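Please read the structure below before turning to the comments.
The values are calculated or read from the model by the stated rules, or taken from the named source; none is laboratory data. These figures come from a predicted structure and were not determined experimentally. Positions of Cβ are generated from backbone atoms using ideal geometry, with glycine treated the same way; all protein chains shown enter the neighbour counts.
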Amino acid sequence: MLGFAIFIVIPLLTSLVISFFDWPLFGTPEFVGLENYRYMLTGDPAFWVSLRNTIIFAVFYTAVNLVVALGLSYWLMNLGGRWASFFRVLFFIPVVTPMIGNALIFRLMLNDDGVINQMLAAIGIEGPQWLNTPGWAMLSLVMMSLWQGMGYNIIVLGAGIAGINSSVLEASKIDGAGPIVRFFRVVFPMLSPTIFFCTIMTVIGAFKVFTQPYALTEGGPGNATNTIVLHLYRNGFSFDRLGLASALAWVLFVLVMLITAVQFSQQKRWVTYDS
Amino acid sequence: MTAETTHLITPKRSGLRAGQLISRILMCVTGAVFLFPFVWMLATSLKPTNEVFASGTSFFASRLEWSNYTTAWTAIPFGRILVNSIFVAFVGALLTVTVSVLSAYAFSRFEFRGRAALFGAFLATMVLPQEVLIIPLYLMMQKLGMVNSYPALILPFAFGAFGTFLIRQFLLSLPPDYEEAATLDGASRLRTLVSVIVPLLRAPIAVVFVFAFIEYWGSFLWPLIVVNDADMATMPIGLQMFSGERGTDWGPLMAAVTLVAIPSLLIVVLLQKQLQQGVSMGGFGGR
């Protein structure tokens, strides 16, 4: 309990306090009131860009992640048995291997002369400069993150699917429902609490994105893949502006809490709890 | 009648089988594509650096450059960094388990005022991005003179809510009879906890341990901040050291990435059950 207070509650509050100071790594902090927030919102060239990037990343990453993970889980459910559990574990591997290593592998593959472009060249397509063109860089970031993170949702959804009463599925089969109707009418509603859980977790994870842009694109080209946490890290530990970085941390905190709260308030619309 | 039914069903059955077969083949292809980055990592780790891009889409270069592995080992203080990583992950996981068992025990066995509210606040931190805390935590470490130390790497992240939550779930389903029996026999609370409850909690403890281990093993942002001495680095920071001014030395780098991925692969293969259990209870919250 004491540890909880020391390493979570106190830092959370301290970071709010720091955000009102001009606070260098070494030297004396100086109280500046809301100056950090004012600078962040009106003077900082990178804040709005990194906020926009983070939101774009979060939206695409979460949407594609859930759709693909759901599709794969449903597919695995139909394969059943050993096949399902084998592939579930296979898709889970990159979740466990260190993220920085995964990002470096993608940086190698997406290099201008990397294997992806060489494969494309072999079928007559000239590949883009994946990591050096704004739009492609963001796409690379999303793709790499999907590869890295999707296995998590596949496992969670797999556990949810295993909890669905198989007699309900049999009954709908006998009633003549095809696989697609069965998915939307039976599986999706029964799985909606699990999907809700996955959405919450995936969105939060997406807002924290740091290692991928750090290792894959260094936030570039320009600020094209800069994100809030990367911007926070740079302000704090490269530009020596801990106060501003703390203000960014609080923006992140409030944003994540708000979005989570909104999701909870909207869940009645599509999540069914009794089955 | 029976003959007719069989006749009716057979064609459909074989149709299903063909569908199932195609479905299985497609899944194998998907799996193979999915694993490609790891295959490429392995292939590149055995290529001479000047042939990494020149060899195109081929898995093999002109020769197998096994020396990449020895280069990786000597280019950075690999042995030292590996020991750091193992030590930090192991002690960190042990500490996480201890903290989780103790606080789960408190939350499920002690009645105190505001318990529900406190547990609620505790759970809420599962969605709190730890990134929000790193600046005050860094300043704390700086004040305590603990920058570049094991405690700095370990302590701040041993108090997450996940372990407590998971172990509490198991404790609540455990009848208090055993403990009462032990208490009647004159055992102290702590004694009861250690010798009666902990053995019963072996399964969830394993889950919490594995998850904490993986988190510490792969953690990047915090070590990046709190360590600036190569001798205190952990493996993820070590991997970063391969990109120097002369560009990236891909062969040895991929050899190092391979070496770092191996423990994770072992964990996935050997501890599937624990991982699946933990994941469905919120472990790795949104990575």
Among the candidates A:LEU110, A:LEU141, A:LEU191, A:LEU104, residue that is under 21 Å from A:GLN267 (Cα atoms), buried (at least 22 other Cβ atoms within 10 Å of the Cβ) and at pLDDT 85 or above: A:LEU191
Candidate set from segment B:191-224 (those that are small (Gly, Ala, Ser) and surrounded by fewer than 20 Cβ atoms within 10 Å (Cβ to Cβ)); member that is farthest from A:LEU230 (Cα to Cα): B:SER195
Qualifying residue in segment B:82-94 (condition: out of contact with any Phe, Trp or Tyr (no Cβ under 6 Å at 6 or more places or on another chain), buried (at least 22 other Cβ atoms within 10 Å of the Cβ) and assigned by TED's automatic domain parsing to the domain that holds B:GLU179): yes
Among (1) surrounded by fewer than 19 Cβ atoms within 10 Å (Cβ to Cβ); (2) more than 24 Å from the chain's Cα centre (by Cα); (3) touching a residue at least 40 places away in the same chain (Cβ under 8 Å), the one test that B:ASN228 misses: (2)
Residue within segment B:195-204 that is over 26 Å from the mean Cα position of the chain (by Cα) and more than 14 Å from chain A (Cβ to nearest Cβ) present: yes
Of residues in segment A:148-167 being out of contact with any helix residue (DSSP H, G or I) (no Cβ under 6 Å at 6 or more places or on another chain) and facing another protein chain (nearest Cβ under 9 Å), the one surrounded by the most Cβ atoms within 10 Å (Cβ to Cβ): A:GLY149
Qualifying residue in segment A:16-27 (condition: within 9 Å of another protein chain (Cβ to nearest Cβ) and in a helix (DSSP H, G or I)): yes
Residue ranges of helices (runs of 4 or more DSSP H) in segment B:112-159 with at least 1 members touching a Lys or Arg at 6+ places or on another chain (Cβ under 9 Å) and more than 8 Å from chain A (Cβ to nearest Cβ): B:115-124
Qualifying residues in segment B:221-266 (those that are among the β-branched types (Val, Ile, Thr) and over 27 Å from B:PHE59 (Cα atoms)) - the one farthest from the other protein chains (Cβ to nearest Cβ): B:VAL227
Close pairs from segment B:45-61: first under 17 Å from A:PHE106 (Cβ atoms), partner small (Gly, Ala, Ser) and loosely packed, with under 13 Cβ neighbours inside 10 Å, Cβ under 7 Å, at least 6 apart: B:THR57/A:ALA122
Tabulated pairs, segment A:248-275, first at the interface with another protein chain (Cβ under 10 Å from one of its Cβ atoms), second among the small types (Gly, Ala, Ser) and outside any helix (DSSP H, G or I), C-beta under 9 angstrom, 6+ apart or interchain: A:LEU248/A:SER19; A:ALA249/A:SER19; A:TRP250/A:SER19
Of the criteria (1) buried (at least 19 other Cβ atoms within 10 Å of the Cβ); (2) among the small types (Gly, Ala, Ser); (3) out of contact with any His (no Cβ under 7 Å at 6 or more places or on another chain), which one A:SER50 fails: (3)
Evaluation of B:LEU171 against (1) surrounded by fewer than 23 Cβ atoms within 10 Å (Cβ to Cβ); (2) within 30 Å of A:TYR152 (Cα to Cα); (3) at pLDDT 85 or above (one fails), failing number: (3)
Single unsatisfied condition, B:SER45 versus (1) at pLDDT below 85; (2) not assigned by TED's automatic domain parsing to the domain that holds B:LEU155: (1)
Out of A:ASN65, A:ASN78, sole residue that is within 13 Å of chain B (Cβ to nearest Cβ), modelled with pLDDT under 85 and part of a helix (DSSP H, G or I): A:ASN78
